[in-house]
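The values are calculated or read from the model by the stated rules, or taken from the named source; none is laboratory data. Predicted model, so just to flag it, every value in this text is computed and none were measured. Cβ placement follows ideal geometry from the backbone for every residue including glycine, while neighbour counts extend to all protein chains displayed.
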Amino acid sequence: MVPVFHPRFVNDPFDDPCLYIDIQREGRAILFDLGSIERLEAAKVMRVSDVFISHTHIDHFIGFDHLLRLLLGRDKKLRVFGPPGIIRNVEGKLSAYTWNLVDDYKFNIEVHEVSVESISTAYFIASEGFRRRDGEKRLWKDILVEEPLFTIQAAHLDHKTPSLAFSIKERFHININKDVLTRLDLPVGPWLNELKRSFREEKPMDSKFVARLEKEGGYEERLFTLGDFIENRLVLITRGQKVTYVADAAGSKENKETIVRLAAGSDTFFCEAAFLDADRDKAFKKYHLTAKDAGGIAREAGVGRLVVFHFSPKYGENPSDLYEEANREFTMESPPP
């Protein structure tokens, strides 16, 4: 299976958190957190459509200005999701600059503030000098974004301030059987993306589908129903990919239970591991998870792969200790008595 989501950290585990997720064939990417992004190539920044902020401590939000500077001249909408206070935080960032020469700019920012039971929205439009315009407020439970390709869930955690954790889940994965393509004399081409889009929109199986195929000297059109592609096994529907991201959360029982529910069944689980268990007192005072916490949560959630990050600088000479503690707890067959 060729994955749809391609996640990678912008910085190393000791630097600012920022997970860049490229969404294959969608021409877009999303960010989980927005620490410094100066190492991220400009072309990749231009692909960013949505940013999900756990909380606005400086190491999770300082990259906003760099993102703004690169996107400002674009005909583009940027969506920002964050915890209570995020609208005020974005407004504060934007009000720090003078916007008297942007009348013809088309860039705009849509900010969604996620409280425990509701989401409030505000709009900041470049041509209006980014003057705040309050929008709607809606109730929500756990899903922030719902699109034909994927959903994004969030959960509130305690970091002595509200901190959000996020999961992105492909609704289902569409595999194209290339052996069947060959047998049916069907070429690879843009028509396959149109076919996948029809399945993601959940059109009825008896819906007509015209495959416009590139042939030498022009095009050929062939008529199918969507059900034909299932019957001849050209299209195989499988479980979708899931990626979960957790940064900055106290190691409380309530937080751990919330994270396990959010991360359950993830293919990849990105989890902070700020301290070793031997330094649990420091983790407690700083409202952070330990490497042992991360491993235990990953094991309980039944994730496929654990990636720890956001290490305290005190382990700069021995980061392997954090990896080893997390993996040891993750791979153990049963919890200790």
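Restricting attention to the stretch 177-212, the residues that are assigned to a strand (DSSP E or B) and either among the basic types (Lys, Arg) or outside the structural domain of residue 225 (by TED's automatic domain parsing) (or both) add up to 2. So is residue 53 β-branched (Val, Ile, Thr), in the same structural domain as residue 158 (by TED's automatic domain parsing), surrounded by 15 or more Cβ atoms within 10 Å (Cβ to Cβ) and in contact with a Lys or Arg (Cβ under 9 Å, 6 or more places away or on another chain) or not? For residue 53, the condition - β-branched (Val, Ile, Thr), in the same structural domain as residue 158 (by TED's automatic domain parsing), surrounded by 15 or more Cβ atoms within 10 Å (Cβ to Cβ) and in contact with a Lys or Arg (Cβ under 9 Å, 6 or more places away or on another chain) - is not met. Residue 283 meets each of the listed conditions (1) in a helix (DSSP H, G or I); (2) surrounded by fewer than 18 Cβ atoms within 10 Å (Cβ to Cβ) apart from (2).
The number of residues in the stretch 247-280 being closer than 26 Å to residue 314 by Cα, part of a loop (DSSP other than H, G, I, E, B) and out of contact with any Ser or Thr (no Cβ under 7 Å at 6 or more places or on another chain) comes to 2.
Scanning the stretch 26-48 for residues that are in a strand (DSSP E or B) and either at pLDDT below 95 or crowded, with 17+ Cβ neighbours inside 10 Å (or both) turns up 29, 30, 31, 32, 48.
When you scan the stretch 8-21, do you find a residue that is of a type outside the set (Val, Ile, Thr), farther than 23 Å from residue 273 by Cβ and surrounded by fewer than 17 Cβ atoms within 10 Å (Cβ to Cβ), even just one? Looking through the stretch 8-21, none of the residues is of a type outside the set (Val, Ile, Thr), farther than 23 Å from residue 273 by Cβ and surrounded by fewer than 17 Cβ atoms within 10 Å (Cβ to Cβ).
Yes/no matrix, rows are residues, columns are (1) assigned by TED's automatic domain parsing to the domain that holds residue 93; (2) charged (D, E, K, R); (3) over 23 Å from residue 120 (Cα atoms):
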| residue | (1), (2), (3) |
| --- | --- |
| 21 | yes, no, yes |
| 42 | yes, no, yes |
| 46 | yes, no, yes |
| 64 | yes, no, no |
| 70 | yes, no, yes |
| 74 | yes, yes, yes |
